[in-house]
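**Student:** Please read through the structure below; I'll follow up with questions.
The values are calculated or read from the model by the stated rules, or taken from the named source; none is laboratory data. Just so we're clear, the structure is a prediction, and the values are computed from it rather than from any experiment. Neighbour counts run over all protein chains shown; Cβ positions are idealised from the backbone, glycine included.
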Ligand SMILES: [Zn+2]
Ligand SMILES: [Zn+2]
């Protein structure tokens, strides 16, 4: 992948108001990142100064929260009841489909440009 590709991708997500980091959630208004990724970035820079043991426990806690959400059949994003057997609630499931579709369209469009 060329650096150009990443720049284009960044611009695309930015223009669509989607987080340029996780490509999953809507970005905060006027920002390139969603609230969670902004928070994550902030924590990461704080963690760099913190000891590795603490960092490891944070990671384990996050993983546990994710697994608990899946086990209890709650949306892994917002914690609401999941839609059917999905890992998301209806709202986030619809959004994940929409994002996947837009990604697909974008990829196809890029391929067409090359020809
Ligand atoms: Zn994000
Ligand atoms: Zn949700």
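**Student:** Could you run through the range 89-106 and say how many residues are more than 21 Å from residue 20 (Cβ to Cβ) and near ligand 2 (Cβ under 9 Å from one of its atoms)?
**Tutor:** Residues flagged as more than 21 Å from residue 20 (Cβ to Cβ) and near ligand 2 (Cβ under 9 Å from one of its atoms) within the range 89-106 amount to 4.
**Student:** Okay, next question. Return the only residue of 48, 65 being at pLDDT below 90, within 16 Å of ligand 2 (Cβ to nearest atom) and either in contact with a helix residue (DSSP H, G or I) (Cβ under 8 Å, 6 or more places away or on another chain) or at negative phi (or both).
**Tutor:** 65
**Student:** Which of the residues belonging to the range 12-52 are assigned to a helix (DSSP H, G or I) and either touching a residue at least 40 places away in the same chain (Cβ under 8 Å) or in contact with a strand residue (DSSP E or B) (Cβ under 6 Å, 6 or more places away or on another chain) (or both)?
**Tutor:** Of everything in the range 12-52, just one residue is assigned to a helix (DSSP H, G or I) and either touching a residue at least 40 places away in the same chain (Cβ under 8 Å) or in contact with a strand residue (DSSP E or B) (Cβ under 6 Å, 6 or more places away or on another chain) (or both), namely 12.
**Student:** Looking at residue 80 and the list (1) under 15 Å from residue 24 (Cβ atoms); (2) within 13 Å of ligand 2 (Cβ to nearest atom), which single condition is not satisfied?
**Tutor:** Every listed condition holds for residue 80 apart from (1).
**Student:** So which of 19, 34 is within 16 Å of ligand 2 (Cβ to nearest atom), at pLDDT 90 or above, in contact with a helix residue (DSSP H, G or I) (Cβ under 8 Å, 6 or more places away or on another chain) and within 19 Å of residue 98 (Cβ to Cβ)?
**Tutor:** Step by step, each of 19, 34 is checked, and only 19 is within 16 Å of ligand 2 (Cβ to nearest atom), at pLDDT 90 or above, in contact with a helix residue (DSSP H, G or I) (Cβ under 8 Å, 6 or more places away or on another chain) and within 19 Å of residue 98 (Cβ to Cβ).
**Student:** Do you know which of the residues in the range 70-114 that are within 16 Å of ligand 1 (Cβ to nearest atom) and assigned to a loop (DSSP other than H, G, I, E, B) is nearest to residue 10 (Cα to Cα)?
**Tutor:** That would be 77.
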